[in-house]
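K.L.:
Got a structure for you, questions after.
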Amino acid sequence: MSLIDRRRAWLPWLLLGLFALATLTGPQRPELAAWWRWVWAGGDARAPLEALVLTELYLPRWQVALLIGAALGSAGCLLQRLTANPLASPGLLGLNQGAALGLVCLLVSPWPFTPMGAWLAAVVGAAVAMLLVFGIVRLATGGLAIDGLLLFGALFGTLLGALVTLVLLIDQHALDVIRFWLAGSLAQVVPSQIGPLALVVIPTLAVALLVSRPLEILETGRDTAASLGVDPRLVLLGVAALVLLLTAAAVAVSGPILFAGLVVPHMARFWLGDRLWRQLLGSMLLGALLLLTADALILRLDDQDRLPPSLALSLMGVPWFLWLVRRRYLAC
Amino acid sequence: MLSAGWRGGGYLVLLPVTLGVCLLNGSVDTLGLLLAPEQRDLAWQLIGELRLPRVMAAALAGAALGLAGLLLQTLARNPLADPSIIGINQGAALAVVGLLLALPAASPQWFPLAGLAGGVAGGLLLWRLSRGTSGLALILMGIGLNSLLSALTGCLLILADARQLAMVMTWLAGSFAGLEAEQAWATLAWAALLLPLGWLLCQRLTPFLLDALSGRMLEPCMARWESAGLLLACGLGAVAVATAGTLGFVGLLAPHLARLLHPPRPGRLALPTMAYGATLTLLADWLGRSLFAPVQLPAGLMLALLGVPVFVALLCWQQRLKGR
């Protein structure tokens, strides 16, 4: 059996086609032909403006979109498999808001706001949110049932969001710095952020692929896993740490982008199948493509680049979410 | 142990006391001015022109949200329903922001109508979608719909020009700070129409405490009462949103507070629920304006900070009861 079912191979091509269409028909489309002539001529002469637009404006943005999409998609996939529920996603469990709170706290604290510091603050904030949500659900219900997780995640998301607003209202200076970031936009990304982001995301994704086998064993049950030599607690902690790292890396750069983590794993399951490593791989690729396409579409709609790509993702993700909830609870 | 009469009438004492505190307490010590005879006119002017519209609007918005919460919780037979959770508030907010940006000259009297349209659209959509599903599905779908509607509102805000932005932002966070007297009177007019209607409707809703089948035996036209109640809840939520932006958690907490102290019949709960909703909102507004005194925190923010822990405790308690 080949990696890709032939009948379902159209999904990524559809996304790529949409991306190409949106990019190439836009009012500020990159002049590919001019860029290609420049590269063909050796690329060492003084670059024409069209080539500079492509390399300085479009390429960094595309790279960031690819990295963040892959991170969010695979974080959603891991979280859905970890909690054994198709409704889980980092945004809905309050992790994004926790990361945002961490960043805002760093911003108003006397420490310098460096990319590494921002990432650390986001990791700490997301970890606190995750501990809070999972801990309280565990304490309250004695298990990790998904409806409890979603409910408490949304509640603590509201609470953390209110705290962010509180800090920002008291410190007006921070609001000016962070306003665009809070909407979850790729417009504010600078090329110097790409290096650290790739340094975090790519090794974490590789580890996630490696860890997919123990996690799959764990899905068969704790006792079975233990008898097969897999420590359940270790796997749980490891996967939770991976989810935190990926979410925090993405949120620290682009702000909270909701619903990528919810939709992408379902598309990946449809595309590549049910095995965890296939779904994870598909989530990475499709997440990257999806965010790229959403960003290009939004840029096409609003050529002043003010709307965030999360708008396109929400428009697509929310009906999906509603349908999933309805299907899941209709029987009861 | 509190006696039954004290428990049942507590809100009759609590609300006037809160009203008095909110009217008299503030950046200027009005009580001192009132006691000094030569400055009494100034004090009355201060209270009547600055504090009265704000306090009145806060009390009415809180009462409207509390009653909307009671109606929704009774109709959905779901103790977690609340206008801010099931998309009414966000839908109304989206409609009002859209109106503000499309017609910047629109007078505040039209806000409740626009809010009503948006709130009814949001509420009905969710009501349709959640029909036949369990209570939790309503809440989960509401969370999803809310995030979509707030994303859309956020996009409208990004497209707005900067002059309107500041006004809309404070309004959206659920603040009474920028309230004008004209707006407060509009709220009073709408509330004077809708609150008594809600009280009357609550008298007919007792059969909804039973399961659907037994309820229908007692009350043949339950479907009609259901749609009337849903519409009225949307209207009440829209009035509150048009006054003060999105205030969460009042509609959730006020009916629960009332239920702790009163018999659980909707007809008997309506008045205490309104009183507790008003008290909560007044307290939140008062705390928000006096905690970090030069900075005015929106009442909606204070309600979220106070409401989430209470809601979480409530959920934990309920799960305990179910024995899960």
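K.L.:
Label the protein assembly as shown by shape, choosing from rounded, prolate and oblate, from the square roots a ≥ b ≥ c of the eigenvalues of the Cα gyration tensor; if a/c is under 1.5 it is rounded, and otherwise prolate applies when a/b is larger than b/c, oblate when it is not.
P.N.:
Verdict is prolate for the protein assembly as shown.
K.L.:
Which residue, B:37, B:207, B:79, has the most motion in a Gaussian network model of chain B that connects Cα atoms within less than 10 Å?
P.N.:
B:37
K.L.:
For chain A, what does -39500 (n - 2.57) per DSSP helix run (n ≥ 4), summed and divided by total residues, give at 222 nm, in deg cm²/dmol to the nearest 500? Walk me through the numbers on the way to the answer.
P.N.:
Values: 14 runs with 244 residues, N = 332.
Estimated from H runs of four or more residues: -24500 deg cm²/dmol.
K.L.:
Calculate I(q)/I(0) for the range B:185-239 by the Debye formula, one identical point scatterer on each C-alpha and no solvent, and give its log10 at q = 0.12, 0.21 Å⁻¹ to two decimals.
P.N.:
-0.32, -0.76
K.L.:
Return the FRET efficiency for the residue pair residue B:45, residue A:302: r is the Cβ-Cβ distance, R0 is 41 Å, and the value is rounded to the nearest 0.05.
P.N.:
The computed FRET efficiency comes out at 0.25.
K.L.:
Put +1 on the Cβ of each Lys and Arg and -1 on the Cβ of each Asp and Glu in the range A:80-314; which of A:229, A:89, A:155 then has its Cα farthest toward the positive end of the dipole?
P.N.:
Farthest towards the positive end: A:229.
Every number here is computed from the coordinates shown, using simple stated rules; none is lab data. It should be emphasised that the depicted structure is a prediction, and the values quoted were computed from it without experimental measurement. Cβ: placed from backbone, ideal geometry, glycine included. Neighbour counts: every protein chain shown.
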